[in-house]
Amino acid sequence: MTAKNKKKSDKIEEVKVGKGKRTPMLPALIIKHSKGKLRYGGRKRGAFRIQLSDVKKPASPDEIKDIVKSAGVRVIKIIEPGLAGAASAKFHTYVMRFQKKEFATVFGCGQNRGHSFEDTVKTDLNNSLTAKKQKSDSLFVLLLNALKLKKQDIASITKASGAHIRRPFSTKAENIGPIISDININLKNGQIIYVSLKNVNGFTLANVGYKSSFNAVTGRDNLPYVTNASHPLDHFVLSCGVDKNIAAIGLNDYIRNKPTTNVILNQPVFSYDADVITQYLSSAFGYGYWYIKLNQKTKGGFQIVNIPSKKAAESLVGKVTSVIVSYPCWTENYRSKQITIKIATTTMNCKVEIRSSKGQIVPDEIKIHVNNISSE
């Protein structure tokens, strides 16, 4: 083999990752330097998927960073799960660059932080259940005090099934404890207390379908032409003061790289319907469970809130104080293909993203993120 040919072969255009399977060059570089720890998992939502070769042998974030660095790949930015531009609702999306090529990668290397947190909490609670002594500021003691229970009242603490359940999103809050519970506290009297856990300040509250809310037909220029259509959840969207016709114009500008004449970003809305917004957000929270979140400002580092009723869910949502809307647009310096609604209440900040779940142009989902939640 000549020196020239050898150099070309070292670029690794493709490598085998299984019987008859091959990996594109960019993820192959990372996989090669993992020394068998990682494997190629295909491509989804525009991002390469790199997974563990053996799920029983996890790779730490620092180890992943070292592997990526050794491959000569540079991480440009990291997108939180479920946020705009993310290719996964569970794992971080890494936007990377190798030489002049830019690409996105999702490392599905074991449990995400939420699942790991759930396992840790369940283990700690079970250990406390059998321990002779507990610290006064431990989650177990804080939980017993909040639930007004004694240790001997509890039969077992188990992790819920983990099945992915979409929270309801309507004008009516429902008892959803059994379907969204992360941990079940089983009492000796047969009662089950459902617990929802969150380990971060911000999280995705709801992710609901919004397909057919806009139509797309082929225009005279052979490009998709977006028009406003109707959907049952328009009730929520319009209550936030969104003008879908303006959104359609912005989407068409985005498709054609045409400078938007009327760019509307972070525009305050004064005609929103606070009651309807509260109803929908309350339905996403639902009731019939206890809500526990890491919060370093509270005793023991945990925030523990009971949501036993519709009224309690509404109290958790608080009163709407402001709504700000941004529309799709295209400019030389900024472009967006989603409607973004920022809702502030007396207890939390919400960010609503109306966009495509598959990285396309026409919106087909509504995703609601919640930050800085506090009970009144």
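The values are calculated or read from the model by the stated rules, or taken from the named source; none is laboratory data. These numbers were taken from a predicted model, which means no experiment stands behind them. In this analysis, Cβ positions are derived from the backbone assuming ideal geometry, glycine residues included, and neighbour counts consider all displayed protein chains.
Annotation note: Cβ proximity below 7 Å between a residue of segment 238-265 that is at positive phi and in the same structural domain as residue 220 (by TED's automatic domain parsing) and a residue that is buried (at least 18 other Cβ atoms within 10 Å of the Cβ) and of a type in the set (Phe, Trp, Tyr) (sequence gap 6+ or interchain) occurs for 241/272; 257/330.
Just one of the numbered conditions (1) in contact with a Phe, Trp or Tyr (Cβ under 6 Å, 6 or more places away or on another chain); (2) part of a loop (DSSP other than H, G, I, E, B) is not true of residue 313: (2). So which strands (runs of 3 or more DSSP E) stay within segment 200-263 end to end and still have 1 or more residues that are modelled with pLDDT of 95 or more? The qualifying strands (runs of 3 or more DSSP E) are 214-218, 224-228.
Of all residues assigned to segment 222-232, at least one qualifies as being within 29 Å of residue 308 (Cα to Cα) and surrounded by fewer than 21 Cβ atoms within 10 Å (Cβ to Cβ). Selection within segment 260-275: residues that are under 15 Å from residue 338 (Cβ atoms), among the aliphatic types (A, V, I, L, M) and in contact with a strand residue (DSSP E or B) (Cβ under 6 Å, 6 or more places away or on another chain). The member of this set that is surrounded by the most Cβ atoms within 10 Å (Cβ to Cβ) is 263.
Any residue that is polar (S, T, N, Q) and not in a loop (DSSP other than H, G, I, E, B) - is there at least one of those in segment 287-295? Steps first, answer last, please.
Going through segment 287-295, the residues polar (S, T, N, Q) turn out to be 295.
Then drop every residue that is not not in a loop (DSSP other than H, G, I, E, B), which leaves none.
No, because not a single residue in segment 287-295 is polar (S, T, N, Q) and not in a loop (DSSP other than H, G, I, E, B).
Output yes when any residue across segment 323-336 is part of a strand (DSSP E or B) and closer than 17 Å to residue 284 by Cβ, and no when none is. Yes, the conditions are met somewhere in segment 323-336. Checking the stated criteria, residue 41 turns out not to satisfy the condition of being loosely packed, with under 14 Cβ neighbours inside 10 Å, in the same structural domain as residue 96 (by TED's automatic domain parsing) and either at pLDDT 85 or above or not aromatic (Phe, Trp, Tyr) (or both).
Against the conditions (1) over 22 Å from residue 193 (Cα atoms); (2) touching a Ser or Thr at 6+ places or on another chain (Cβ under 8 Å), residue 303 satisfies every one except (1).
Residues of segment 134-185 being assigned to a loop (DSSP other than H, G, I, E, B) and more than 28 Å from the chain's Cα centre (by Cα), which ones?
If the condition is that a residue be assigned to a loop (DSSP other than H, G, I, E, B) and more than 28 Å from the chain's Cα centre (by Cα), then 134, 135, 136, 137, 138, 148, 149, 150 are the ones that fit.
To keep it simple, each residue is scored yes or no on (1) touching a residue at least 12 places away in the same chain (Cβ under 8 Å); (2) of a type outside the set (A, V, I, L, M, F, W, C).
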position: 122; (1), (2): yes, yes
position: 132; (1), (2): no, yes
position: 153; (1), (2): yes, yes
position: 176; (1), (2): yes, no
position: 180; (1), (2): yes, no
position: 208; (1), (2): yes, no
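The residues in segment 144-168 that are at pLDDT 90 or above, within 16 Å of residue 292 (Cβ to Cβ) and surrounded by 14 or more Cβ atoms within 10 Å (Cβ to Cβ) can be counted, and the count is 6.
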